[in-house]
Protein chains: 4
Amino acid sequence: MPGNSFGKVFRVTTFGESHGKGIGAVIDGCPSRIPLSEADFINEMAGRRPGRSPVDTPRSEPDSVEILSGVFEGITTGTPIALFIRNQDVRSEPYEILRRLFRPGHADYTYFKKYGHFDFRGGGRSSARETAARVAAGVVAQKVLAPLEIRITAYTLEMGGVRAKRMDLGVIHKNPFYCPDMGVVDRMGEVLSKAREAGDSIGGIVEVRASGCPAGLGEPVFDKLSADLAKGMMSVGAVKGIEIGAGFEAARLKGSRNNDPITPSGFTTNHAGGILGGISNGDDIVIRAAVKPIPSIMMTQETIDREGRPARLALKGRFDSSAVPRIVPVLKAMAAVVLADHYLRWKSIS
Amino acid sequence: MPGNSFGKVFRVTTFGESHGKGIGAVIDGCPSRIPLSEADFINEMAGRRPGRSPVDTPRSEPDSVEILSGVFEGITTGTPIALFIRNQDVRSEPYEILRRLFRPGHADYTYFKKYGHFDFRGGGRSSARETAARVAAGVVAQKVLAPLEIRITAYTLEMGGVRAKRMDLGVIHKNPFYCPDMGVVDRMGEVLSKAREAGDSIGGIVEVRASGCPAGLGEPVFDKLSADLAKGMMSVGAVKGIEIGAGFEAARLKGSRNNDPITPSGFTTNHAGGILGGISNGDDIVIRAAVKPIPSIMMTQETIDREGRPARLALKGRFDSSAVPRIVPVLKAMAAVVLADHYLRWKSIS
Amino acid sequence: MPGNSFGKVFRVTTFGESHGKGIGAVIDGCPSRIPLSEADFINEMAGRRPGRSPVDTPRSEPDSVEILSGVFEGITTGTPIALFIRNQDVRSEPYEILRRLFRPGHADYTYFKKYGHFDFRGGGRSSARETAARVAAGVVAQKVLAPLEIRITAYTLEMGGVRAKRMDLGVIHKNPFYCPDMGVVDRMGEVLSKAREAGDSIGGIVEVRASGCPAGLGEPVFDKLSADLAKGMMSVGAVKGIEIGAGFEAARLKGSRNNDPITPSGFTTNHAGGILGGISNGDDIVIRAAVKPIPSIMMTQETIDREGRPARLALKGRFDSSAVPRIVPVLKAMAAVVLADHYLRWKSIS
Amino acid sequence: MPGNSFGKVFRVTTFGESHGKGIGAVIDGCPSRIPLSEADFINEMAGRRPGRSPVDTPRSEPDSVEILSGVFEGITTGTPIALFIRNQDVRSEPYEILRRLFRPGHADYTYFKKYGHFDFRGGGRSSARETAARVAAGVVAQKVLAPLEIRITAYTLEMGGVRAKRMDLGVIHKNPFYCPDMGVVDRMGEVLSKAREAGDSIGGIVEVRASGCPAGLGEPVFDKLSADLAKGMMSVGAVKGIEIGAGFEAARLKGSRNNDPITPSGFTTNHAGGILGGISNGDDIVIRAAVKPIPSIMMTQETIDREGRPARLALKGRFDSSAVPRIVPVLKAMAAVVLADHYLRWKSIS
């Protein structure tokens, strides 16, 4: 049974492969009369494009989003919005070796086991390129959320073991890592460069914060806001952990400390991460994702071929050394999609 | 829009409140011809019942599961299986104060904001009692998984800051905390007793492991096995964080170390937690959940009443001091439900 | 994959068998703060109960609806509403022969083929008794629709070939057949009695009319209001045909005649049956269902046994001679469920 | 809440407007390893193209289907298959009047009421052009059904009141109306020409027959095969009635006549239309759809403008005089989509 749709009322279905014709999304359930143009996508799409940092993969596509349907005279019509991002710079040759060998840490092995046949070029459907469609959908989601005046911010809390000590959200667009602490940016860059020189890669931790969300979003007991955020984030390739609010730290706190006192002017702490019983409580929604190091490395690795015979693989080509800066707008987009969906779900019963 | 169903092919819908008539589940999509009787539920239901440890809440219901439909002559018929667990020991009086005051860390505030009207007795729908239906559904899920010979185990990795150092799954049913390390059980008990004496509570970390799962389960790009496991776990009250495999530790590893080498006899490490690209890879599936300290504490807390006026609340009554031992079978059940659903989803395209 | 849920925002899941413990429904997505009590179900449940006409099946259960969850202090809470109707008068003996032989026109054969094992007593899950849950859900749906002031009426247009010539909706509760034409009621009764005496059965045509529905309900291109009404009606056992507005007659009209002229005060005709392009247009929604003669007849019929060997079957026991009067409240309920669902769906984007 | 997806396991989401960039479909859930190329669509797409009969609309686009994703090296990969049919011949000018006036019998009025803003050109999303995506999806569905050797045929049973008297399925591709009776083809053509000359339009009845379908498809009690077929057919614009098997005629038959006797070699009659209790019984599945006369007529009609003021409208431009021949492949496609979906659903529990 298929799994390429996300959301129930604001429903995003994505399609496309890394080295096929392109990547796309169909958004069904977007309300009508929202202004939307192809220009609206430029900024966010640029945010996930490689080439932001000097150590990024050289593949650099414009990633312009074409609106195929659902918009008339610059305004949404309530019908499905199809978005398409054509692949432009698709050299398949470097990937011929993947016809035979599985890359450790990649989905090659599992796609082969599941489907028997898959587009191995650049990871095909399992490529990070798939996230372009998520970012595009996130742009529309943010437009849907406009009446709520929710502000979603995403930033790098930690990369390669270097952690931000200050939280200055004003600077996250002033450095290539979306880091809220300018004081650690150079150190992050050094760690990244060093990994790249070694043909290795690093991971990190990304935090997403949604301010201004009203109390009441989330549908217990299974479609809790926290549960859908966790699913949305965990569905992004490379994410291996999720925390809401205090997260794993909460496991070590006493109840008397973890409970957020309630006052007439709001909660005095936010260990809950803005969600109680799966429903937003009006405080900032705070969610963190652990991003694993990118599995594509230049170092020689042990693997097997399609026939199960042992082999050694040393990838050559153009690879990021970390998913972290590029995944930041993707996680922001997923948060926007989840919130837009729950906003519209909430309207149905209000 | 409603959120009380989970799964797509093996679909569980739950209902019921803590102090209403009872808790139930309707399982739609269970294949026919599976032997099932009310006795099959006894063990797992007992596992989540309070009273396992000497410091547990004194409320102790038999929690017998009644099969209302879907089974004929001891065998499932393929029609919906309705399960009902009648509430027996429901004293509402201690909860009258909740008609006025919101308990910090609880869903009272958000349910009131969302629904305007809610059954506040014992938490109503947001009570941990809701998980009884999940455990019952998990029993059926495990029967569905029987042909795959998957073995699911859940245990307490850490409680109140005390962490298991050994992993002996053979002992988890030999101590009241489902701890795989008998050497730390006493220490866990002390920390729990101390918290209880102080009128406080503690949290912990639970790990779930599924062995024997074949490669191929999971539906990218959104309904990845990891994403659905994360959602299922995060939908359980008190869970604030999720890790698959190396989890947050992966964020600090180099790619060369985090990648699991592939050999003809399998993966040599399991940082992936048995899931690559959202699809099971044949290795053990490993997932951890951070459980917050139970918010019901006896200590006086700052809160507000329904009119927003400041108030102080000191709960009296019967409360667990930790959700941890009781949540173990619940998380096991959710893993079983997710795997059963994905097993049946996988069959539809195989 | 399961099929026992209907609706997306107002979602009804039913369970139960004719001769099991009972029949039930879980309604997920009902807004909070709607007054609801067990007494609210009495009238509609009585409407589908056998025994209305002198020729009905003698099995006559009170069919009282028990609310298991989702209502607190007489008001819905927004959590799932579980309804249960206990089977009381369940004599299984007359059905022992069905363990061996398939009844022509019944689902015995297909349930056996699909599930391999089924509760054959009284049709089990495929019994008309299943519709009790639909009627109960319809009562809640009508409460959800209250703000729209939609009035849904259902009546027998034709039975056993006898067709109503007048449309006096004021009399449909003054005769046992819900017929809007008192002038044909006696003739209907005669045809029914005659069929019963012969051990045979008759069918008919039921019309459902929803007045006061605002323009705008329905979600093209697949979840059109007409499409969901058609599905809802066709999912009721015994229904073999559906018409909206002019229906099959429209196939023979010219466009110039079938088009409903639009004037400042509304449409001058209603061939569309209140739905254009799958969206309600503000006029009365009119839908008709063809109801086949009940397949349970006393006459000897040709059939086969489970091993495929030829056999002859003459049913004995208590059977209706027509589904028609009893199906009228069921079809009304389904219309209410579809409209309630689309009303809430419409709210999510409005 | 959105309604542009159909099917649960074989899931089709369509998008696009009549005079936008194009029409498309995303098929999620198609199994991997099915050969598929753009050439596979040519025949079926040609079948719904205008221009088959001399009286058809002159707009005649090639309607070539572009595969945007999901196919690699000529074989499906199990990932979403995106199909796109670019609009080529889109003159918007004739539609400028629709910016002001609602066409009787069209969705203009209801789209305006529902969405406030819509692409009025050629009907936009509510145009018959939308069905191109359904036909394309139907081609893939038929490939999915290949292992079952189901043969689906669709034909015109009646048009403009002229009814086929013979059922020779061998001739349906030898006349422009897909009529199984060559003896009435000329008469059909005359009626159609006459309507066209008068600036009027006619409707008809289309029958779809699926042979070779095994017993067991269909998911009671709501997702019965009959219910999903009814929904799929009724979701096609212009369809106002649906019959399964004997349909409305069954309402007038006695049970003794309507019941299909069962013999060791099968059913001796097929009043059930191949479906019992919502599950296929192995016999031919037979479904009929009533198609209303096309609402676009040249004759002057009474209507209103967007401000509700009375107006008169006489359309000019290129219109079919009947939807009937062109809708035949669309209904065939919908039957294929429903059967493919239920085939895959059935596999999940078998």
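The values are calculated or read from the model by the stated rules, or taken from the named source; none is laboratory data. Quantities reported herein were computed from a predicted structural model and do not represent experimental measurements. Cβ: placed from backbone, ideal geometry, glycine included. Neighbour counts: every protein chain shown. With ligands, DNA and RNA removed, areas are computed over all heavy atoms of the protein, side chains included. Shrake-Rupley method; radii C 1.70, N 1.55, O 1.52, S 1.80 Å.
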Please find, within region C:273-301, the residue that is farthest from residue C:106 (Cα to Cα) out of those that are open to solvent by 10 Å² or more (accessible area, probe 1.4 Å), part of a loop (DSSP other than H, G, I, E, B) and facing another protein chain (nearest Cβ under 8 Å). C:282
Specify which of the listed residues (B:252, B:306) is without any contact (Cβ under 8 Å) to a residue 24 or more places away in the chain and surrounded by fewer than 24 Cβ atoms within 10 Å (Cβ to Cβ). B:252
Residue match in region A:276-284 (condition: within 26 Å of residue B:256 (Cβ to Cβ) and among the aliphatic types (A, V, I, L, M)): no
Of the listed residues (C:56, C:63), the one being in contact with a strand residue (DSSP E or B) (Cβ under 7 Å, 6 or more places away or on another chain), more than 14 Å from chain D (Cβ to nearest Cβ), part of a loop (DSSP other than H, G, I, E, B) and modelled with pLDDT under 95 is C:63
Please enumerate the residues belonging to region A:262-271 that are open to solvent by less than 30 Å² (accessible area, probe 1.4 Å) and facing chain B (nearest Cβ under 7 Å). A:262, A:263
Within region A:239-249, can one find any residue that is more than 7 Å from chain B (Cβ to nearest Cβ) and buried (at least 24 other Cβ atoms within 10 Å of the Cβ)? yes
Among the residues of region D:122-134, which ones are more than 7 Å from chain C (Cβ to nearest Cβ) and touching a strand residue (DSSP E or B) at 6+ places or on another chain (Cβ under 8 Å)? D:124, D:129, D:132, D:133, D:134
Which one of the conditions (1) more than 28 Å from the chain's Cα centre (by Cα); (2) facing chain D (nearest Cβ under 8 Å); (3) open to solvent by 30 Å² or more (accessible area, probe 1.4 Å) does residue C:259 fail to meet, given that it meets all the rest? (3)
For region B:82-89, state whether one or more residues are in contact (Cβ under 8 Å) with a residue 60 or more places away in the chain, within 8 Å of another protein chain (Cβ to nearest Cβ), under 22 Å from residue C:80 (Cβ atoms) and of a type in the set (D, E, K, R). no
If we scan region C:292-305, do we find a residue that is modelled with pLDDT of 95 or more and either aromatic (Phe, Trp, Tyr) or within 28 Å of residue D:195 (Cβ to Cβ) (or both)? no
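Residues checked against (1) out of contact with any Asp or Glu (no Cβ under 9 Å at 6 or more places or on another chain); (2) hydrophobic (A, V, I, L, M, F, W, C):
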site: B:311; (1), (2): no, yes
site: B:316; (1), (2): yes, no
site: B:320; (1), (2): no, no
site: B:327; (1), (2): yes, yes
site: B:335; (1), (2): yes, yes
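Considering only residues that are assigned to a helix (DSSP H, G or I) and open to solvent by 20 Å² or more (accessible area, probe 1.4 Å), which ones fall in region A:115-128?
Within region A:115-128, A:121, A:126, A:128 meet the criteria.
Quick grid of which residues meet (1) part of a helix (DSSP H, G or I); (2) within 14 Å of chain D (Cβ to nearest Cβ); (3) open to solvent by 10 Å² or more (accessible area, probe 1.4 Å); (4) under 30 Å from residue B:343 (Cα atoms):
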| residue | (1), (2), (3), (4) |
| --- | --- |
| C:8 | no, yes, yes, yes |
| C:13 | no, yes, no, yes |
| C:24 | no, yes, no, yes |
| C:33 | no, no, yes, no |
| C:41 | yes, no, no, no |
| C:45 | yes, no, no, no |
I'd like to check something: does region D:331-341 contain any residue that is in contact with a strand residue (DSSP E or B) (Cβ under 6 Å, 6 or more places away or on another chain), at the interface with chain C (Cβ under 9 Å from one of its Cβ atoms) and either free of Cβ contacts under 8 Å to residues at least 40 places away in the same chain or open to solvent by less than 20 Å² (accessible area, probe 1.4 Å) (or both)? no
Failed item, numbered, when residue B:210 is tested on (1) under 19 Å from residue B:163 (Cα atoms); (2) away from chain A (no Cβ under 14 Å): (1)
Return yes when residue C:325 is more than 7 Å from chain D (Cβ to nearest Cβ) and buried (at least 23 other Cβ atoms within 10 Å of the Cβ) and no when it is not. yes
